[in-house]
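Undergrad: Pasting in a structure now, in structure tokens, and then I'll have a few things to ask.
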Amino acid sequence: METVEQRLQAIFRGMFDLAGGADVSACAQSNTPSWDSMAHVSLVAAIEGEFGIAIDAGDSLTLTSYDSARQYLADLGV
């Protein structure tokens, strides 16, 4: 069974078309050209679907990097 970390990395790789060996931990809205507002909405929806959670609009605005998404899930106890 895949870990939370592996599942989240797969979401980021798929969403931003990152190579399998790419350092996902460095992925952030500020350094990923394809991370626009539509990609952000899709990312949040993918995280919600994968982990069976609901992310409110305010919290979704804080998910601006892989690290922030990972920490958000950890804070939820996922």
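Undergrad: Given the chain, what helices (runs of 4 or more DSSP H) lie entirely inside it while holding 3 or more residues that are among the hydrophobic types (A, V, I, L, M, F, W, C)?
TA: Passing ranges, in order: 4-15, 37-51, 66-76.
Undergrad: Give the number of residues within the range 59-78 that are surrounded by fewer than 15 Cβ atoms within 10 Å (Cβ to Cβ), small (Gly, Ala, Ser) and within 19 Å of Trp35 (Cβ to Cβ).
TA: 1
Undergrad: Here's another thing I want to ask about it. Cβ contacts < 7 Å: first residue without any contact (Cβ under 8 Å) to a residue 24 or more places away in the chain, restricted to the range 55-78; second residue charged (D, E, K, R), any location; separation 6+ or different chain. Result?
TA: Ile55/Glu48; Tyr72/Asp59
Undergrad: Scanning the range 1-14 for residues that are more than 17 Å from Ser34 (Cα to Cα), surrounded by 10 or more Cβ atoms within 10 Å (Cβ to Cβ) and of a type in the set (A, V, I, L, M), which turns out nearest to the chain's Cα centre (by Cα)?
TA: Leu8
Undergrad: Quickly run through the range 15-44 and pick out the residues that are surrounded by fewer than 14 Cβ atoms within 10 Å (Cβ to Cβ), without any contact (Cβ under 8 Å) to a residue 24 or more places away in the chain and either within 17 Å of Arg70 (Cα to Cα) or not polar (S, T, N, Q) (or both).
TA: Asp17, Ala19, Gly20, Gly21, Asp23, Pro33, Asp36, Met38, Val41
Readers should treat all values here as calculations from the given coordinates under stated rules, not as data from a laboratory. Since the model is a prediction, treat every value here as computed from it, not as a measurement. So basically every Cβ, Gly included, is an ideal-geometry build from the backbone, and we count neighbours across all protein chains shown.
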